[in-house]
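Undergrad: Take this structure, written in structure tokens, and hold onto it; I'll ask about it next.
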Amino acid sequence: MINLVQNEMTKLMGKRRFMIIAIIIIVLLSMFTYAQSKEAESILERIGTTDWRTELQQQIVDMQNRLSSAGQWREQFQIQIKQSQYYLDNNINPAQPGAPTFIRGFVQNSAELFLPLLVMIIAVDIVSSERSMGTIKLLLTRPVSRFKILLSKYIALILSVSIVIFLFGSLSYLVSAVMFGNQGWSAPVLTGFSSQGGELDISGVRLVSQWQYIIQQFGLAWFISVVVGTLSFMLSILMRSSAAGMGTMLACLISGAILSNMVSSWESAKYLFMVNLGLMDYVSGSAPPIDGMTLGFSLSVLAVWMLGSLIVSFTVFMRKDIY
């Protein structure tokens, strides 16, 4: 089994996709850091100070002024206003300058769409590409069961997801440390906010160090990436064309980003995997797409989808004629 996994990892490394992924992350990081530095300059020019309390108070005022025209974002603005006020009341800077704060924001904004897209690049043709090139027939002639062959590919996928997350975290740290400095790892962060029906619940709020908060974020990002990778893995088996599988998964991810902002009255939508990918919102205390959804519920739904995908993948691969 170890030799099979090594063989699969060698094939993945030979495609140089990790190098492409690293380049994409670096380009996006550069854009993100530049945008954040320009935003800091804009705030300084607008309010004339770098004091975080004054800046946060101005943000609260800006959100209050936008409430009347916020439309479907009104509930989200109300929750953000209450959270910001809670930070002010407890004298805690939610945007402590430094690399950790940048990493925290970058992971939160990337976990639902950007990271899954990177994982999809690896997973969506892990089987279909071998079928289209004909190398799968040679692989199946080896004296190894189909179950072990597919299991080795899935283990290689999990290892690849872990490498992507490691690359993402390492490059985020290196770029942001150069731009913003390395301070702020032990800065306090409030977590445990929850919201239902537009009301912010602070009964479960607790104080953690920023490094603990970031570890929690990366754990959730890894889980989201594994789920998307597993679904892409299933499409790679069901579809002979890598392009078809990639298009299908891309459509699902984009529709999920849209649905999350539009399905508040569609109760059944909470069982769709794409609506449950926003695990970071539970950590930050943002309103769930549908009232009643919790972190535990979304984790359970995603786990069921992942398990179902694995059952379909192994059943089809072991019984279907490969040609």
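Undergrad: Report, ordered by the first and then the second residue, all pairs with beta carbons closer than 8 Å, sequence separation of six or more or different chains, a first member in segment 203-225 that is under 17 Å from P94 (Cα atoms), and a second member that is among the basic types (K, R).
TA: Close Cβ pairs (under 8 Å, with a partner that is among the basic types (K, R)) amount to Q210/R104; Y213/R104; I214/R104; Q217/R104.
Undergrad: Please specify each residue of segment 293-310 satisfying the condition of being more than 20 Å from K82 (Cβ to Cβ) and open to solvent by 20 Å² or more (accessible area, probe 1.4 Å).
TA: If the condition is that a residue be more than 20 Å from K82 (Cβ to Cβ) and open to solvent by 20 Å² or more (accessible area, probe 1.4 Å), then G296, F297, L299, S300, A303, V304, W305, M306, L307, G308, L310 are the ones that fit.
Undergrad: Please verify whether segment 271-292 includes one or more residues that are open to solvent by 40 Å² or more (accessible area, probe 1.4 Å) and of a type in the set (G, A, S).
TA: Checked against the condition, which is being open to solvent by 40 Å² or more (accessible area, probe 1.4 Å) and of a type in the set (G, A, S), segment 271-292 yields at least one hit.
Undergrad: Listed residues Q57, Q108; which is at pLDDT 75 or above, under 22 Å from the mean Cα position of the chain (by Cα) and open to solvent by 60 Å² or more (accessible area, probe 1.4 Å)? Even if it seems obvious, please write down each step before you answer.
TA: On the way: Q57 fails: under 22 Å from the mean Cα position of the chain (by Cα).
From the options Q57, Q108, the qualifying one is Q108.
Undergrad: Now for a different question. In segment 116-136, which residues are hydrophobic (A, V, I, L, M, F, W, C), in a helix (DSSP H, G or I) and modelled with pLDDT of 75 or more?
TA: L117, L118, V119, M120, I121, I122, A123
Undergrad: On the given criteria, is Y87 open to solvent by less than 60 Å² (accessible area, probe 1.4 Å), of a type in the set (F, W, Y) and at pLDDT 75 or above? Spell out the reasoning first.
TA: On the way: open to solvent by less than 60 Å² (accessible area, probe 1.4 Å): yes; of a type in the set (F, W, Y): yes; at pLDDT 75 or above: yes.
Yes, satisfied.
Undergrad: Something else now. Among the residues of segment 166-186, which ones are of a type outside the set (S, T, N, Q) and in a helix (DSSP H, G or I)?
TA: F166, L167, F168, G169, L171, Y173, L174, V175, A177, V178, M179, F180
Undergrad: Does any residue of segment 63-78 turn out to be assigned to a helix (DSSP H, G or I), open to solvent by less than 60 Å² (accessible area, probe 1.4 Å) and either at pLDDT 75 or above or under 27 Å from L174 (Cβ atoms) (or both)?
TA: The answer is yes; a qualifying residue exists.
Undergrad: Right, here's the next one. Give the number of residues within segment 106-115 that are within 15 Å of I25 (Cβ to Cβ) and assigned to a helix (DSSP H, G or I).
TA: 6
Undergrad: Also, quick follow-up: Taking L250, is it on the phi < 0 side of the Ramachandran plot, under 15 Å from the mean Cα position of the chain (by Cα) and open to solvent by 50 Å² or more (accessible area, probe 1.4 Å)?
TA: When the stated conditions are applied, L250 passes them.
Undergrad: Right, I163: at pLDDT 90 or above and either part of a strand (DSSP E or B) or hydrophobic (A, V, I, L, M, F, W, C) (or both) or not?
TA: When the stated conditions are applied, I163 passes them.
Undergrad: A further question on this structure: Give all pairs with beta carbons closer than 9 Å in which a residue from segment 278-291 that is more than 19 Å from Q210 (Cβ to Cβ) and in contact (Cβ under 8 Å) with a residue 40 or more places away in the chain meets a residue that is in a helix (DSSP H, G or I) and of a type in the set (K, R); count only pairs at least 6 apart in sequence or on separate chains.
TA: Filtered contacts from segment 278-291: P288/K270.
Undergrad: Run down I215, I224 and say which single residue is open to solvent by less than 60 Å² (accessible area, probe 1.4 Å), modelled with pLDDT of 90 or more and in a helix (DSSP H, G or I).
TA: After applying the criteria, what remains is I224.
Undergrad: Where the second residue is open to solvent by 70 Å² or more (accessible area, probe 1.4 Å) and of a type outside the set (V, I, T) and the first is more than 15 Å from P289 (Cα to Cα) and modelled with pLDDT under 85 and lies in segment 243-269, which pairs have Cβ atoms under 8 Å and are six or more apart or on separate chains?
TA: Hits for this filter: G245/L238.
The values are calculated or read from the model by the stated rules, or taken from the named source; none is laboratory data. A quick note: this is a predicted structure, and the numbers were derived from the prediction, not measured. Every residue, glycine as well, gets a Cβ built from its backbone with ideal geometry; the counts of neighbours run over all protein chains shown. The accessibility values were calculated without ligands, DNA or RNA, using every heavy atom of the protein model including side chains. Shrake-Rupley method; radii C 1.70, N 1.55, O 1.52, S 1.80 Å.
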